[in-house]
Each structure stands twice: as structure tokens, then as C-alpha cells.
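Enquirer: I am attaching a structure below and will ask some questions about it afterwards.
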């Protein structure tokens, strides 16, 4: 199974790990963006379960963009499970700064994601 994900590059070491995953074919980029406010870059692409396991092992922050049922996605502040309409989909300053969810109670945040 392939997962579409958004990966956040927030330091050079994480960038090197993700680039190695790309070189090995474990992560295939579909689009990339320059980040803001401490985020160096954001990569969207497809990853296999093996590639996802590698990202998780290295603690790389990501957000699934499909197959939401395979993940537990929660707000880091209130712990509520994320609803689809809370996921930020427009690549504006919030997303480029590393936020990926927004809801009325806690505002823009980077969701906690756990692969089930």
C-alpha cells in the first residue's frame, strides 16, 4: 500500500535522511515547497509502509494525506481526534510554517500523528 504524506524538514539532519529515502526509492516526491519560520522545506509524496516505518523510526514529522483510517491524528493541545475539515490543505503561511491543522479551540497546530 502507498500512502500520500506531507513531510516537514526542520533541520539539515532530517533533510539528509529524507533525501536518502528519496534516493533509495522509499519516498517519491510529487511536490516541494520552501518552508518558513524554522521549517526548511515541505515535501509531499508517496511512501510505502517500509518507507513510512523509516520516517517514524527517525522521528520525522509527517501528515497523512490519504488513508486517514490507518492513523490516529490528534490535536497536541486538547487531544481531540482531528476531523477532516481541520486539516490545512492550502499552502499558505500556516502550512509553510509547519502547521497542518486548525480548529476553533486550539487554533493552528502541528498534529500528533501515530500510525496504527
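Every read-out reported here was derived from the displayed coordinates using simple, explicitly stated rules and does not represent laboratory data. Everything numeric here is computed off the predicted structure, so don't read it as measured data. Glycine gets a Cβ as well: all are built from the backbone with ideal geometry, and neighbour counts include every protein chain shown.
Enquirer: Need the full-extension length gain, residue 13 to residue 68, defined as separation in residues times 0.36 nm minus the C-alpha distance. One decimal, nm. Walk me through the numbers before you get to the answer.
Expert: Working: separation 55, 0.36 × 55 = 19.80 nm, distance 2.78 nm.
So the chain would gain 17.0 nm between residue 13 and residue 68.
Enquirer: Pop a pseudo-label 7 angstrom from the Cα along the beta-carbon direction at both residue 106 and residue 4 and give the gap in nm to one decimal.
Expert: 2.4
Enquirer: Could you work out the mean projected area of the convex hull around the alpha carbons of the range 23-81, in square nanometres to one decimal? Intermediate values should be presented prior to the final figure.
Expert: Details: hull surface 20.9 nm².
About 5.2 nm², averaged over all directions.
Enquirer: Related question: Report the Cα centroid-to-centroid distance between the range 46-97 and the range 28-42 in angstrom, as an integer.
Expert: Centre-to-centre distance over Cα atoms comes out at 14 Å.
Enquirer: Jot down the radius of gyration and Dmax of the range 2-115, Cα atoms only, both in angstrom.
Expert: 13.3, 41
Enquirer: Under 4 °C and 1.567 mPa s, how fast does the range 77-116 diffuse according to Stokes-Einstein, given a Kirkwood radius computed over C-alpha pairs? Answer in µm²/s, whole number. List each step's numbers first, then the result.
Expert: Values: Rh = 10.6 Å.
Here the translational diffusion coefficient equals 123 µm²/s.
Enquirer: For the Cα atoms of the chain, what angle does the longest principal axis make with the long axis of helix 12-23, in degrees from 0 to 90, nearest 10?
Expert: It works out to around 60 degrees.
Enquirer: Any chance you could run the full-extension gain for residue 83 through residue 53? It's 0.36 nm times the residue separation minus the Cα-Cα distance, nm to one decimal.
Expert: Values: separation 30, 0.36 × 30 = 10.80 nm, distance 2.42 nm.
In short, 8.4 nm is gained.
Enquirer: Do the sum for the chain: with -39,500 (n - 2.57) for every DSSP H run of n ≥ 4, divided by all residues, what is the mean residue ellipticity at 222 nm, to the nearest 500 deg cm²/dmol? Display every interim value, and only then the final one.
Expert: Values: 3 runs with 25 residues, N = 116.
Per the formula, -6000 deg cm²/dmol.
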